[in-house]
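Have a look at this one.
The values are calculated or read from the model by the stated rules, or taken from the named source; none is laboratory data. Since the structure is predicted, the reported quantities are computational estimates derived from the model, not experimental observations. Here the Cβ positions follow ideal geometry from the backbone for every residue, glycine too, while neighbour counts run over all protein chains shown. Accessible surface is based on the protein model in full, side chains and every heavy atom, while ligands, DNA and RNA are left aside. Shrake-Rupley method; radii C 1.70, N 1.55, O 1.52, S 1.80 Å.
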Amino acid sequence: MDYLSFDQLPRIVQELSEKVDRQSKLLEQIAENSFPDKDMWMDIDQLTAYLPNHPVRKTIYKKVEQNIIPYHRRKDGKTLYFLKSEIDLYLREGKRKTKKEIEMDADEILSRRHKRSK
């Protein structure tokens, strides 16, 4: 095992820093290529493939009819379009809070009430 001298440390730290920078840039490029169109338009078939439970078309049409899922339709057509960012937001809104998150929210509300009552 090679031991480093104190004099070698600045050079080694510089080299490590450069490697970390290069790897960070590579990871950013990979992330950009993995999600090239963060806000892309989808048709109903693309949406069913994108949704985690891969629902059938009939289920999507029902959710559209009930205005549950965000959608777009051109005035002159019948084709439905879905915006990925809106679908992602729709999916996130269904998140249930953990017990810890609920407790933290309750503590925050109680502390605000306590501050107002003073």
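Note down the accessible area of residue 30, probe 1.4 Å, to the nearest 10 Å².
Approximately 100 Å² of residue 30 is accessible to the 1.4 Å probe.
Using protein chains only and a probe of 1.4 angstrom, how many square angstrom of residue 13 are accessible, to the nearest 10?
90
Another one. If you stretched the chain out fully between residue 7 and residue 30, how much longer would it get, using 0.36 nm times the residue separation minus the C-alpha to C-alpha distance?
Details: separation 23, 0.36 × 23 = 8.28 nm, distance 3.64 nm.
Roughly 4.6 nm would be gained on extension.
Moving on to the next point. Grab the eigenvalues of the alpha-carbon gyration tensor for the chain, scale each by 5, take roots, and send me the semi-axes largest first in whole angstrom. Before the final figure, lay out the partial values.
Details: eigenvalues 404, 192, 34 Å².
Here the semi-axes work out to 45, 31, 13 Å.
Additional query: With +1 assigned to the C-beta of every Lys and Arg and -1 to the C-beta of every Asp and Glu, and no other charges, what is the dipole magnitude of the chain about the Cα centre in debye, to the nearest 20? Mind dumping the intermediate values first?
On the way: 25 positive and 21 negative charges, 229 e Å.
The dipole magnitude comes to about 1100 debye.
Tell me, how many Å apart are the Cα centres for the stretch 36-68 and for the stretch 79-118?
Centre-to-centre distance over Cα atoms comes out at 24 Å.
Can I ask one more? Using Cα pairs under 8 angstrom and six or more residues apart, how large is the relative contact order of the chain, in percent?
20
Report the gain in length on full extension from residue 74 to residue 46: 0.36 nm times residue separation, minus Cα-Cα distance, nm rounded to one decimal. Mind showing how you got there, number by number?
Working: separation 28, 0.36 × 28 = 10.08 nm, distance 1.78 nm.
The residue 74-residue 46 span can extend by a further 8.3 nm.
Okay, moving on. Could you pull the accessible area for residue 51 with a 1.4 Å probe, rounded to 10 Å²?
Number for this one is 10 Å².
I would also like to ask the following. In nm, to one decimal, how far is the residue 86 label point from the residue 99 one, both placed 7 Å along Cα→Cβ?
Here the modelled spin labels are 3.9 nm apart.
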